[in-house]
1. HN-Hα J couplings of the stretch 25-38 from phi, Karplus 6.51/-1.76/1.60, θ = phi - 60°, integer Hz, Gly and Pro as x?
2. Percent of accessible area on the chain owned by carbon and sulfur, 1.4 Å probe?
3. Taking 7 Å along the Cα-to-C-beta vector as the label spot, tell me the residue 33-residue 45 distance in nanometres, rounded to one decimal.
4. Starting from the residue with the highest accessible area, list 57, 41, 48 in decreasing order, probe 1.4 Å.
5. So, with +1 on the Cβ of K and R and -1 on the Cβ of D and E, and no other charges, what is the size of the charge dipole of the chain about its Cα centre, to the nearest 20 debye?
6. Taking θ as phi - 60°, what are the ³J(HN,Hα) couplings along the stretch 82-88 by the Karplus curve (6.51, -1.76, 1.60), each to the nearest whole Hz, with x for Gly and Pro?
7. Report the gain in length on full extension from residue 9 to residue 57: 0.36 nm times residue separation, minus Cα-Cα distance, nm rounded to one decimal.
8. What do you get for Rg/Rh of the chain when both radii come from the Cα atoms and Rh is the Kirkwood radius?
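The values are calculated or read from the model by the stated rules, or taken from the named source; none is laboratory data. Quick caveat, the model's predicted, so the values are computed rather than measured. Here the Cβ positions follow ideal geometry from the backbone for every residue, glycine too, while neighbour counts run over all protein chains shown. All accessible areas refer to the heavy atoms of the entire protein, side chains included, with ligands and DNA or RNA removed. Shrake-Rupley method; radii C 1.70, N 1.55, O 1.52, S 1.80 Å.
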Amino acid sequence: AVTGVVRHAPGARFPEHDHVGDETVLILQGECVDDDGSIYRAGDVAPRGPGSPHSYRAVGPLPLLTLAVVHGGVVVGGEIYGPSDPRA
């Protein structure tokens, strides 16, 4: 799995991406709005299954800080970023 802490400035958008396997994201700080309108705040867990494309945007005054675990990697712009990829 690709595991990491991701930080976004308020208003930053993460581009549309897809999931090779399951993704679990814990919101540590701030909040975000998913492109389906779902809002996630500190303490929320945002699960996604394989083949579930989406994007999201950091909202509110605080930076968005998340802990993400992505099994198998993510697909951004048609390119897979997997567990053994140093860019992931």
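1. In residue order, the calculated couplings are 10, 9, 7, 8, 7, x, 8, 9, 10, 7, 5, 8, x, 5 Hz.
2. Within the chain, the accessible surface is 57 percent carbon and sulfur.
3. The answer from the label model is 2.6 nm.
4. Most to least solvent-accessible, the answer reads 41, 57, 48.
5. 300 debye
6. For the stretch 82-88, the Karplus curve yields x, x, 8, 7, x, 7, 6 Hz.
7. Here the answer is 16.3 nm.
8. 0.94
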